[in-house]
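Peer 1: Take this structure, written in structure tokens, and hold onto it; I'll ask about it next.
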Amino acid sequence: MLFEAVSTPSHSFHRGLFLLLATITLGWSIAGGAVFLFLGAWPVFGFVGIESLLALGLVMLHHRRAGRAREVLRLADGRLTLRRTDARGRLTEASMDAYWAQVEWTEREGLALVQRGQRMRIGAYLSEAEAAELAGELRQALAAYRRPFFDNPQL
């Protein structure tokens, strides 16, 4: 394997932030439900709690599913292979001949691999700076693949 790059979506929502969100959400629902309880609309108290728990459950589900998403770009055995896994766990794979592949990066279109009219968009989870860095490294890896170094002392 000559080159491998793995990109995943950024996850800034860690356990401490979830606990803070849960505390604020549940505290707000208890306070809001208590107002309805004192006004005599006691059935609303239960619905407010159920809505809050449902919202927190959906946030946890989204965070768990988003953790599965990833993109792996690999240069090995003369092939440039892109394996993309989405948040639902579905895997798609595309491949092209590494010798003819070209790296294109523009601010408008993003990062892509192009070969004879076939265009494969890569780096969906990367920022502009990270995409530019990946483009440079991938160009270097493809150049090294096209110009192999033969270390033969007899020559």
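Peer 1: Say we join alpha carbon atoms closer than 10 Å with springs in a Gaussian network model of the chain; which of A112, A131, A143 then has the biggest fluctuation?
Peer 2: In the Gaussian network model the winner is A143.
Peer 1: Quick one: length gained pulling Q102 to A55 fully straight, 0.36 nm per residue minus the C-alpha distance?
Peer 2: Numbers: separation 47, 0.36 × 47 = 16.92 nm, distance 4.51 nm.
In short, 12.4 nm is gained.
Peer 1: I want to make sure I understand the PRE zone here: with the label point 7 angstrom from the Cα of T81 toward its beta carbon, which residues in the stretch 1-23 have backbone N atoms less than 20 Å away?
Peer 2: Inside the label zone: 1-8.
Peer 1: Right, something else. Give, in nm to one decimal, the length gained when the segment between A31 and R65 is fully stretched (0.36 nm per residue of separation minus the Cα-Cα distance). Working shown, then result.
Peer 2: Values: separation 34, 0.36 × 34 = 12.24 nm, distance 3.13 nm.
Stretched fully, the A31-R65 segment lengthens by 9.1 nm.
Peer 1: Would you please name the chymotrypsin sites (Phe, Trp or Tyr not before Pro) within the stretch 98-155 that are DSSP coil residues with at most 12 other C-beta atoms within 10 Å of their C-beta?
Peer 2: Details: sites: Y99, W100, W105, Y125, Y145, F149, F150; in loops: Y99, W100, Y125, F149, F150.
Passing sites in the stretch 98-155 are Y99, F149, F150.
Peer 1: 7 Å from Cα along Cα→Cβ at both Q154 and W42: what's the point-to-point distance in nm?
Peer 2: 9.6 nm
Peer 1: With n ≥ 4 as the cut-off for DSSP H runs, can you work out [θ] at 222 nm for the chain, using -39500 (n - 2.57) per run divided by the number of residues, rounded to the nearest 500?
Peer 2: Numbers: 3 runs with 68 residues, N = 155.
Here the helix-only value at 222 nm equals -15500 deg cm²/dmol.
Peer 1: Under 10 Å, Cα contacts only: if you run a Gaussian network model on the chain, which one of A141, A34, A101 comes out with the highest mean-square fluctuation?
Peer 2: Its mean-square fluctuation being the largest, the pick is A34.
Peer 1: Per-residue HN-Hα couplings for the stretch 17-23, Karplus 6.51 cos²θ - 1.76 cosθ + 1.60 at θ = phi - 60°, whole Hz, x for Gly and Pro?
Peer 2: The phi angles translate into 5, 5, 5, 5, 4, 5, 5 Hz.
Peer 1: Here is a further query. In whole Å, what three semi-axes, largest first, describe the equivalent ellipsoid of the chain built from its Cα gyration tensor (square root of 5 times each eigenvalue)? Before the final figure, lay out each step's value.
Peer 2: On the way: eigenvalues 539, 40, 34 Å².
Its equivalent ellipsoid spans semi-axes of 52, 14, 13 Å.
Peer 1: Extending each Cα 7 Å along its Cβ direction at A144 and L17, get the distance between those two points in nm, one decimal.
Peer 2: So the label points at A144 and L17 sit 3.4 nm apart.
Peer 1: Between L19, L134, L39, where does the largest GNM mean-square fluctuation fall for the chain, given springs only between Cα atoms within less than 10 Å?
Peer 2: Of L19, L134, L39, the most mobile in the Gaussian network model is L39.
Where a number appears in this text, it was derived from the coordinates with a stated rule and is not lab data. This one's a predicted model, so the numbers in the text were calculated from it and none came from an experiment. So basically every Cβ, Gly included, is an ideal-geometry build from the backbone, and we count neighbours across all protein chains shown.
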